[in-house]
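Undergrad: Please see the structure below; I have some questions.
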Amino acid sequence: MKTLITNIQELLQIRDASIQKVSGSDMKQLPSIKNAYLLIEDDCILDFGSMENCPINEVDVNIDATGKVVLPTWCDSHTHIVYAGNRILEFVDRINGLSYEEIANRGGGILNSAKKINEISEKELFQQSKVRLEEIMQQGTGAVEIKSGYGLTVEGEIKMLRVIKKLAQNYPIKIKSTFLGAHAFPVDYKENHSGYIDIIINEMLPKIAQENLADYIDAFCETGYFSVQETEQIMEAGKKYGLQAKIHVNQFNAINGINACVKHNALSVDHLEVVTDEDIAALKKSDTMPVALPSCSYFISIPYTPARKMIDAGLPLALATDFNPGTTPSGNMNFVVATACIKMKMTPEEAINAATINGAYAMGIAETHGSITIGKKANVIISKEVTSFYQLPYAFGSNLIDTVLIEGKIIQ
Ligand code: NIG
Ligand code: FE
């Protein structure tokens, strides 16, 4: 089946297949063609170019995009969208003055979500999670990474990972799965860290590998959670099963975790609300993608990742949502891109690069996603009529998406 999109005001993020990520000052460039067409065959991009060269052959579907911009769908490389219930009461507690740490210390936070996961059936967990997956597809996300980490028991973690697998089997959106057993220490292991790490390494990981339930491994490297040394143990264990690391680090404190992640060749380091010069120096010498999560900063009122400092130092940067019940109950990448521009002083070009090609890199799918490239998946957002693509982050509260295509099919 062939789909032709014509009269595109501007076709954004056209890239050669060799580009896997963009860094530093290159992030200011967003290659595009004005007055363009895009030709799709089945699930892939077949061709694109200027309207002057638009093919006149018969196609099955013709979409007129006069006045509209077309760009690749968002690649959201960090989410926790498989969760049970919600944490609305903690949201109100925070409004009334409690901090994230205070809420966690009295049994809220991750442990609150873990309790809910261990009480819910796999079927019900799938039902609740698919609603969020369908919502983000409507909002223009065409690839997403989803983590476990609210089980914290063998059964709970496996349940979450099976739901992620089932979502991947039932929806056209590309899904990468990350095992985050090392998200927090269960109450019974508060004083017995090695006991819980032993369960992760010797019980959870072998089962997960046996059922082929995860692509990556994660840990929450943070004061009060997993120490740098414990995180290294997790990364090493993951490596034995071929799971590369994507690590939660530098959210509240810089404890030299980034250096350890780089040493272990992590695919990404995520959060980075607090970043030191040493962290930047370590990342400069690596292939590890730093990932910022501005909706999390917004929702729990913590600093934004110092994007300007990092990009100006020559680093790449990706943007993701962190969609989860505690710190970011939103999976809207349009809001992430706008917030990156408004609060982190990223230019629209930088923010779109961060949310597409660099996001694809941060989840290991840059070969097939993240740019308008011949042969890549036909994952595109067609905007409503806009004056230019700058309107997308400018009109931050408006829904400017007209149509989303994932693997060549219109998402209804
Ligand atoms: O990425 N920081 C660690 N994990 C999640 C939130 C966990 C929660 O509060 O449920 C995050 O923000
Ligand atoms: Fe997270």
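The values are calculated or read from the model by the stated rules, or taken from the named source; none is laboratory data. What you see is a predicted model; the values in this text were computed from it and never measured. Positions of Cβ are generated from backbone atoms using ideal geometry, with glycine treated the same way; all protein chains shown enter the neighbour counts. Protein only, heavy atoms only, side chains kept; ligands, DNA and RNA dropped before computing areas. Shrake-Rupley method; radii C 1.70, N 1.55, O 1.52, S 1.80 Å.
Undergrad: Quick one: net charge around residue 77, please, counting Lys, Arg +1 and Asp, Glu -1 for every other residue with C-beta under 14 Å from its C-beta. Numbers along the way, then the final one.
TA: Numbers: positive: 21, 147, 174, 176, 246; negative: 76, 145, 215, 218, 270, 322.
Neighbourhood net charge equals -1.
Undergrad: How do the peptides 245-252, 70-77, 192-199 rank, highest first, by the average count of neighbouring beta carbon atoms within 10 Å per residue?
TA: Details: 245-252: 26.8, 70-77: 30.1, 192-199: 14.6.
So the order, starting with the most tightly packed, is 70-77, 245-252, 192-199.
Undergrad: List, in order, the whole-Hz ³J(HN,Hα) value for each residue of the stretch 212-225 obtained from phi through the Karplus relation with A = 6.51, B = -1.76, C = 1.60 and θ = phi - 60°; use x for Gly and Pro.
TA: Those phi angles translate into 6, 9, 9, 9, 9, 10, 9, 8, 8, 8, 6, 3, x, 10 Hz.
Undergrad: Same structure, new question: So, for the stretch 283-383, what is the accessible surface per residue at a probe of 1.4 Å, expressed in square angstrom? Could you put the intermediate results ahead of the total?
TA: Working: 2610 Å² over 101 residues.
With all protein chains present, the stretch 283-383 gives 26 Å² per residue.
Undergrad: Which one, 141, 394, 202, is farthest towards the positive end of the dipole of the chain when Lys and Arg carry +1 and Asp and Glu -1 on their Cβ?
TA: It is 394, whose Cα lies furthest towards the positive end.
Undergrad: Now for a separate question. For the stretch 300-346, what size does the Cα cloud have along each of its three principal axes, sorted from largest down, in whole Å?
TA: 33, 20, 17
Undergrad: Mind checking the alpha-carbon convex hull of the stretch 259-409 and giving the volume per residue in Å³?
TA: Values: hull volume 18.8 nm³, N = 151.
Hull volume normalised by residue count: 125 Å³.
Undergrad: Any of 285/409; 115/263; 207/246; 116/174; 28/377 with alpha carbons more than 30 Å apart? Name them for me.
TA: Details: 285/409 40 Å; 115/263 34 Å; 207/246 20 Å; 116/174 27 Å; 28/377 24 Å.
Violating the 30 Å limit, Cα to Cα: 285/409; 115/263.
Undergrad: Around residue 49, which amide H atoms from residues at least 5 apart in sequence, or from another chain, sit under 5 Å from its own amide H, with H modelled in the peptide plane?
TA: Those lying under 5 Å, H to H, from residue 49 are 37.
Undergrad: Ok, one more. Relative to the Cα centre, what is the charge dipole magnitude of the stretch 65-149, using +1 at the beta carbon of each Lys and Arg, -1 at the beta carbon of each Asp and Glu, and rounding to the nearest 20 debye? Spell out each step's value before the answer.
TA: Values: 10 positive and 11 negative charges, 20 e Å.
Here the stretch 65-149 has a charge dipole of around 100 debye.
Undergrad: When the dipole is taken about the Cα centre of the chain, and only Lys, Arg (+1) and Asp, Glu (-1) are charged at their Cβ, what size is it in debye, to the nearest 20?
TA: 160
Undergrad: Taking amide hydrogens as modeled 1.01 Å from N in the peptide plane, which residues meet the under 5 Å criterion relative to residue 175, leaving out close sequence neighbours?
TA: 144
Undergrad: A follow-up question, please. Given 37 °C and 0.692 mPa s, how large is the Stokes-Einstein diffusion coefficient of the stretch 161-215 in µm²/s, with Rh as the Kirkwood radius over Cα pairs? Don't skip to the answer; put the middle values down first.
TA: Details: Rh = 12.5 Å.
So the translational diffusion coefficient is about 262 µm²/s.
Undergrad: Right, next: For the chain, count the residues as N, evaluate 2.2 N^0.38 Å, and divide the Cα radius of gyration by that value, please.
TA: On the way: Rg = 20.8 Å, N = 412, 2.2 N^0.38 = 21.7 Å.
The reported ratio for this selection is 0.96.
Undergrad: Kirkwood Rh over Cα pairs of the stretch 59-174 into Stokes-Einstein at 4 °C, 1.567 mPa s: D in µm²/s?
TA: On the way: Rh = 16.2 Å.
D = 80 µm²/s.
Undergrad: Read phi for every residue in the stretch 302-318 and hand back ³J(HN,Hα) as whole Hz from Karplus 6.51 cos²θ - 1.76 cosθ + 1.60, θ = phi - 60°, with x for Gly and Pro.
TA: 10, x, 7, 3, x, 4, 4, 4, 6, 5, 5, 7, x, 7, x, 8, 10
Undergrad: Given 158, 187, 171, which one lies farthest toward the positive end of the charge dipole of the stretch 152-199, if we put +1 on the Cβ of every Lys and Arg and -1 on the Cβ of every Asp and Glu?
TA: It is 171.
Undergrad: Mind listing the phi-derived Karplus ³J(HN,Hα) values for the stretch 272-286, rounded to whole Hz, using 6.51, -1.76 and 1.60 with θ = phi - 60°, and x for any glycine or proline?
TA: Here the 3J(HN,Hα) series is 6, 5, 10, 10, 9, 4, 5, 4, 5, 4, 5, 5, 4, 9, 10 Hz.
Undergrad: Give me the dipole magnitude in Debye, nearest 20, for the stretch 190-345 about the Cα centre, with unit charges on the beta carbon: positive for Lys and Arg, negative for Asp and Glu. Mind dumping the intermediate values first?
TA: Values: 12 positive and 18 negative charges, 97 e Å.
So the dipole magnitude of the stretch 190-345 works out to roughly 460 debye.
Undergrad: Ranked from highest to lowest mean number of other Cβ atoms within 10 Å per residue, what is the order of the peptides 352-363, 398-409, 325-336? Numbers along the way, then the final one.
TA: Details: 352-363: 29.9, 398-409: 18.2, 325-336: 23.0.
In decreasing order of mean packing, 352-363, 398-409, 325-336 become 352-363, 325-336, 398-409.
Undergrad: Another question, then. Over the stretch 1-159, give the accessible area per residue in Å² for a 1.4 Å probe, as an integer.
TA: On the way: 6870 Å² over 159 residues.
Heavy-atom SASA per residue in the stretch 1-159 reads 43 Å².
Undergrad: Carbon and sulfur atoms: what percent of the 1.4 Å accessible area of the chain do they account for?
TA: Details: 8000 of 16180 Å².
Taking all protein chains in place, the chain shows 49 percent carbon and sulfur surface.
Undergrad: Given 316, 70, 44, which one lies farthest toward the positive end of the charge dipole of the chain, if we put +1 on the Cβ of every Lys and Arg and -1 on the Cβ of every Asp and Glu?
TA: Highest projection toward the positive end goes to 70.
Undergrad: Only bridges with both residues in the chain count here: give the DSSP antiparallel percent, nearest 5. Don't skip to the end; give the middle numbers.
TA: Details: 27 of 60 bridges.
The antiparallel fraction comes to roughly 45 percent.
Undergrad: Could you list which residues have their amide H under 5 Å from that of residue 318, counting only those 5 or more apart in sequence or on another chain, with H placed in the peptide plane?
TA: When sequence neighbours closer than 5 places are left aside, the close amide H contacts are 291, 292.
Undergrad: For the stretch 346-409, take N as its residue count and report Rg(C-alpha) divided by 2.2 N^0.38 Å. Don't jump to the answer; show the numbers that get you there.
TA: Numbers: Rg = 12.6 Å, N = 64, 2.2 N^0.38 = 10.7 Å.
That works out to 1.18 for the stretch 346-409.
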